[in-house]
Amino acid sequence: MAILLFISILLIAACGLIYELIAGAVASYLVGDSIFQFSTVIGSYLFAMGIGSFLSRFIRRGLAYRFIWIELIVAVVGGFSSSLLFLAFAFTQGFQLFLYLIVIVLGILVGLEIPLLMRIIRHRYHFHEVVSHVLTFDYIGALFASILFPVVLVPQLGLVRSALFFGIVNGAVALWSTFLFKEHLSVARRLQAVCCAVIILLSVGLVEGKRITGLAEDNIYADEIIFSRDTHYQHIVLTKWKDDLRLFLNSHLQFSSRDEYRYHEALVHPGLAAVPVPRHVLVLGGGDGLAVREVLKYPQVESLTLVDLDPEMTRLFSTNPFLTGLNQRSFLSPKVHIINADAFLWLDSSQDFFDFIIVDFPDPTNYSLGKLYTTVFYSTLAHHLSRQGMFVVQSTSPMFARKSFWCIVETVKQAGFKVYPYHTYVPSFGEWGYVLASQHDYTPPTSLPGGMRFLTLAGLPSMFDFPPDMAQVTMPANHLNDQVLVRTYDQEWREISH
Amino acid sequence: MKITRRDFCAFGSAALMGLSVKADRAISGSFVNDSFQMGHLLRDRSQFPAAREVVRIPAVIVGGGIAGLSAAWRFQKRGFSDFVLLEMNNQAGGNARWGENQITSYPWAAHYVPVPDKQAEYVRELFTDLGVLKDGKWDERYLCFAPQEHLFLYGRWQDGIEPEIGLTPADREQFQRFNDAVRAFRASGSFTVPMERGWSSKYADLDKMSFAAWLQQNSFNSKLLLWYLNYACRDDYGALAADTSAWAGVHYFSSRAPEEKGPITWPEGNGWITRQLLARLGKFARTGQMVHRIQRDGAGYRVYAGKTEYRCQCVIFAASTFLAPYLIEGMAPLHDFQYSPWLTANLTLESMPDSRTEAAWDNVFMDSPTLGYVDAMHQSLRTFADKTVWTFYWALAEGPPAANRQMLLEKDWAYWKEAILHDLERVHKDIRKCVSRIDVMRMGHAMVRPVPGAIFSPERKKLKAAQGRLFFANSDLSGISIFEEAQFRGVTAANHVLHVLGKP
């Protein structure tokens, strides 16, 4: 009997610490600045425990009964704490309010537990034994939890389900306590029913955990998530680790702030610097404003039109300080016109002409995106190019998806253009490819704008040279009615990931 | 607080419900484009009001479906404009009608034209006029986008409608043998589109038996093969293989080269063609004009429609031929014209159902009595579509057509709504959460049914020839209801009229 009692103490302590760790971790994941988050969460939690200990003096009668009720409330609040915090972040403006409210409520309740427990069992042991046993198991529980949390719980269950799992443990301890303290309880059966209900509720939550938040994605991203939003069109996630800011759209990496300059300098300048007088530039996709940042290095550019599907994306990159720091507030330039529209439809109905067009769409991972890599799409682009105009297409990796890359090259060619494929190395992506296209011959630029971090005139010729492992392979063009590209791309990337 | 066992259960299930059940949408809709009433007025030989005006005009086209519109197109191209086209419904197009809502336009019936080969010269000429065929190349915007067809079987989707999952070696052998047989028929040159081009009595014997009987005779008994062939007959003829002439069954597979390009299609299906033709020919069309009597008048005719009497020299009868004995004075009843009843529905989807596979253009379910659905947004250039319209096709192929027609009339909209959702739910469990509206179109005589004997019927042969200065032009003269036949018959009738009237 004694050992069972002390195991419950151990578990109660572990639960208490887990909820505290979860609150700290969720706050760091969502808001960032983990030192501040952990420090304030732990501080307010401990303080609230103190309040709980203080309040325990006002509980005079029915100690065991009240203890079990407290356990049950802790089980529910603690079990759903992580889900509530994710939902609060996604749907309310008051995340911090919810965070500290939950931390304080849990702290007070957890602070009540040990003093009540000590008083319940005070008749079974001497006072000095009670203090010694209870505190010993309390601290062992804390150690147990603090090791379990980073090693097993977060990697295996994630934050949402870890909390729910420990809520169930809490509920189980409550149920167990109804047997341990049977002699103190007059209405054990009623309490047992409530305990079962709580355990069932939390178990349902555990099974449905993903649906509750839609954020159970802790396993996908290596780094801490600082922003996560489901827009009408896509799932935007920003992660940060030290100075590395990464953008994911529908779980596909779009850039890493450490090396995006390589990708964007290579995307924009080999083509744009070769256009004699680039006055009007169009960017299709590129809602991060990073290609726009590069285009604004040309003072001759009078107008820059950016067409991106998702208004939340362009708003985010116009307002968030992290992100406007990265794109150098490019969206706020008076030269820039942002249009939130479906690129193919917009292009099809537009009458405008451009001297340079940057096509920076996500990779052709499905048939919908694949439409943006077809002969019809590139023929439509032709109607919007000025006489000396050129366009460039981001074209996935000629190394990892060699057939897909050369399929895009062939598609542009069959749409009636001369093609100039090139590639560069971007550490976070690997070897990356582009296709420059024009109806006339391409002469490489003789000067580049100032401020290049990567691109040099001397380095340009090597970009147009494809070593044997990336050399051209014969591929058919990608057509709307036969999207060979989407099938090839799927196959090639699947081979890489196995 | 006392918790009873019942409270406890209620609490538990309430918690479960709250987490897993989203509310279904309220679904609105109605029957649309009903034409039963008008048809029954004719059938019952009701009294129509007397004509108040007389219009003298050299030619009248009765019926504004593809046959009638094609006749008008031919007239216009030959510089002849002294004609009028009378359409009973408020919207022309017949089986190439379309609808439109805030999301997209969508078809009401026929939704594609296979890429025509050289023999379908009129189809190629029309598509050249409409910009679909340019310098010998098909505009890829009008070729069906990938992925084209999906079949749902064994709880998953596969590419293409010909079953490829779970075939035994015996199934494969039969598919192979069937394809070999089809290749031989195709090589004979007797099965063409339009069928007049390859017309010969060489295979007339095939018309004497049902497709099912022919399959049995040739030891085709693979369940998967028979499902597939029955699907084809239901799709093109609204009939089971057992009710289809073997000649027609063979024609379905042997009349076209196996194509790689995918059919030609538009969001509104063949409604796009109607739209384009009406843009050019609309001034000749009178819609909502039901012709109720056609009378010989010397060498010419009197055509009564609404309050107008048209006195003309020639008539092109492009409406369904089964109507003719009710309209044309003195015409004997017909015996060889049978029709399949159909139901089509357009479902407005406010959100997309959860599905691991990207939807194709045409989505078919194995072992369903229906023909599945076509996604109207599929042929959009959009990369992101969160709303769409699905056109749901259901040929009432099982059982006698007359009984099915009666059922179409008797069952209310709610019945069909439930039947359609029930069928879709087998594949899309959350469909009720996505659909906001279901409009249902009932067609008692949707398409001609090529029953055994229909193709080589002497009655058809007689009606294909001129009846004085009256020319029949509906696709049902061919015995199969497809765009190319309708267009061919319409153009051919127009050529006859121009010849009779002495136009160059």
Please go through the range A:38-66 and pick out each residue that is aromatic (Phe, Trp, Tyr) and at pLDDT below 90. A:Phe38, A:Tyr65
B:Arg186: more than 14 Å from chain A (Cβ to nearest Cβ), under 29 Å from B:Lys118 (Cα atoms) and surrounded by 14 or more Cβ atoms within 10 Å (Cβ to Cβ), yes or no? yes
Being among the hydroxyl-bearing types (Ser, Thr, Tyr) and part of a loop (DSSP other than H, G, I, E, B) is the requirement here; does A:Thr488 meet it? no
Unmet criterion (only one of (1) within 14 Å of chain B (Cβ to nearest Cβ); (2) part of a loop (DSSP other than H, G, I, E, B); (3) of a type in the set (S, T, N, Q)) for A:Gln328: (1)
Hey, B:Glu309 charged (D, E, K, R), farther than 26 Å from B:Trp98 by Cα and buried (at least 18 other Cβ atoms within 10 Å of the Cβ) or not: yes
Looking only at the range B:317-327, count every residue that is closer than 27 Å to B:Ser245 by Cβ and not in a loop (DSSP other than H, G, I, E, B) and tell me the total. 7
Out of the helices (runs of 4 or more DSSP H) lying entirely within the range A:150-214, which hold 3 or more residues that are touching a Ser or Thr at 6+ places or on another chain (Cβ under 9 Å) and either among the polar types (S, T, N, Q) or farther than 18 Å from A:Ser81 by Cα (or both)? A:158-180, A:188-207
Does A:Ala163 qualify as being under 30 Å from A:Thr231 (Cβ atoms), modelled with pLDDT of 85 or more and not charged (D, E, K, R)? yes
Pick from the range A:1-50 the residues that are touching a residue at least 24 places away in the same chain (Cβ under 8 Å) and not in a helix (DSSP H, G or I): which of them is surrounded by the fewest Cβ atoms within 10 Å (Cβ to Cβ)? A:Met1
Search the range A:337-355 for residues that are more than 9 Å from chain B (Cβ to nearest Cβ) and within 14 Å of A:Phe391 (Cβ to Cβ) and pair each with any residue that is in a strand (DSSP E or B) and of a type in the set (S, T, N, Q) when their beta-carbon atoms are under 6 Å apart and the residues are at least 6 apart or on different chains. A:Phe353/A:Ser386; A:Asp355/A:Ser386
Give the residue, chosen from A:Leu326, A:Leu369, that is closer than 16 Å to A:Phe255 by Cβ, of a type in the set (A, V, I, L, M) and modelled with pLDDT under 95. A:Leu326
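Residue-by-condition table, conditions (1) surrounded by 18 or more Cβ atoms within 10 Å (Cβ to Cβ); (2) outside any loop (DSSP other than H, G, I, E, B); (3) touching a Lys or Arg at 6+ places or on another chain (Cβ under 9 Å); (4) at pLDDT 95 or above:
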{"position": "B:Asn346", "(1), (2), (3), (4)": "yes, yes, yes, yes"}
{"position": "B:Thr357", "(1), (2), (3), (4)": "no, no, yes, no"}
{"position": "B:Val364", "(1), (2), (3), (4)": "yes, yes, no, yes"}
{"position": "B:His378", "(1), (2), (3), (4)": "yes, yes, no, yes"}
Of the residues in the range A:231-264, those that are closer than 20 Å to A:Leu309 by Cα, of a type in the set (S, T, N, Q), buried (at least 16 other Cβ atoms within 10 Å of the Cβ) and more than 14 Å from chain B (Cβ to nearest Cβ) number 1
Looking at (1) surrounded by fewer than 19 Cβ atoms within 10 Å (Cβ to Cβ); (2) touching a helix residue (DSSP H, G or I) at 6+ places or on another chain (Cβ under 8 Å), can you tell me which one B:Val123 breaks? (1)
When every residue in the range A:197-224 that is more than 7 Å from chain B (Cβ to nearest Cβ) and at pLDDT 75 or above is compared, the one farthest from A:Ala75 (Cα to Cα) is A:Val207
Pick out the one residue from B:Arg78, B:Arg56 that is touching a residue at least 40 places away in the same chain (Cβ under 8 Å) and over 29 Å from the mean Cα position of the chain (by Cα). B:Arg56
Leading residue by the ranking (farthest from the other protein chains (Cβ to nearest Cβ)) among those in the range B:380-401 that are under 19 Å from the mean Cα position of the chain (by Cα) and not in a loop (DSSP other than H, G, I, E, B): B:Pro401
Matching residues, the range B:235-254, being surrounded by 24 or more Cβ atoms within 10 Å (Cβ to Cβ) and within 29 Å of B:Phe145 (Cβ to Cβ): B:Tyr237, B:Gly238, B:His251
Any chance A:Ser330 is in contact with an Asp or Glu (Cβ under 9 Å, 6 or more places away or on another chain), of a type in the set (Gly, Ala, Ser), in contact (Cβ under 8 Å) with a residue 24 or more places away in the chain and assigned by TED's automatic domain parsing to the domain that holds A:Phe429: yes
The range A:361-376 residues that are facing chain B (nearest Cβ under 8 Å), paired with ones that are outside any loop (DSSP other than H, G, I, E, B) and among the aromatic types (Phe, Trp, Tyr) (beta carbon under 9 Å, 6 or more apart): A:Gly370/A:Tyr489; A:Lys371/A:Phe344; A:Lys371/A:Phe377; A:Leu372/A:Phe344; A:Val376/A:Phe344
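This table checks each residue for (1) hydroxyl-bearing (Ser, Thr, Tyr); (2) in the same structural domain as B:Ile316 (by TED's automatic domain parsing); (3) over 30 Å from B:Lys417 (Cα atoms).
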residue: B:Ile27; (1), (2), (3): no, no, no
residue: B:Arg45; (1), (2), (3): no, yes, yes
residue: B:Ala50; (1), (2), (3): no, yes, yes
residue: B:Ile57; (1), (2), (3): no, yes, yes
residue: B:Ile66; (1), (2), (3): no, yes, no
residue: B:Gln76; (1), (2), (3): no, yes, yes
residue: B:Ala96; (1), (2), (3): no, yes, no
residue: B:Asp135; (1), (2), (3): no, no, yes
residue: B:Glu140; (1), (2), (3): no, no, yes
Reported set for the range B:256-280 where residues are more than 14 Å from chain A (Cβ to nearest Cβ) and either free of Cβ contacts under 8 Å to residues at least 60 places away in the same chain or surrounded by 24 or more Cβ atoms within 10 Å (Cβ to Cβ) (or both) is B:Pro258, B:Glu268, B:Gly269, B:Asn270, B:Gly271, B:Ile273, B:Thr274, B:Leu277, B:Ala279
Looking at A:Pro476 and the list (1) of a type outside the set (Ser, Thr, Tyr); (2) away from every other protein chain (no Cβ under 14 Å); (3) in a loop (DSSP other than H, G, I, E, B), which single condition is not satisfied? (2)
Return the pairs, sorted by first residue and then second, in which the second residue is in a strand (DSSP E or B), the first residue lies in the range B:437-448 and is of a type in the set (Gly, Ala, Ser), the beta carbons are less than 6 Å apart, and the residues are 6+ apart or on different chains. B:Gly444/B:Pro341; B:Ala446/B:Ser340; B:Ala446/B:Trp342
Determine, yes or no, whether B:Leu206 is more than 14 Å from chain A (Cβ to nearest Cβ) and surrounded by 14 or more Cβ atoms within 10 Å (Cβ to Cβ). yes
Has the range A:389-402 got any residue that is closer than 19 Å to B:Leu381 by Cβ, crowded, with 24+ Cβ neighbours inside 10 Å and within 14 Å of chain B (Cβ to nearest Cβ)? no
Name the strands (runs of 3 or more DSSP E) wholly inside the range B:68-159 in which the number of residues that are more than 14 Å from every other protein chain (Cβ to nearest Cβ) and at pLDDT 95 or above is 3 or more. B:83-86, B:98-100, B:105-107
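The values are calculated or read from the model by the stated rules, or taken from the named source; none is laboratory data. What you are looking at is a predicted structure, and each value in this text was computed from that prediction instead of being measured. For neighbour counting, all protein chains shown are included, and Cβ atoms are generated from backbone atoms with ideal geometry for every residue, glycine included.
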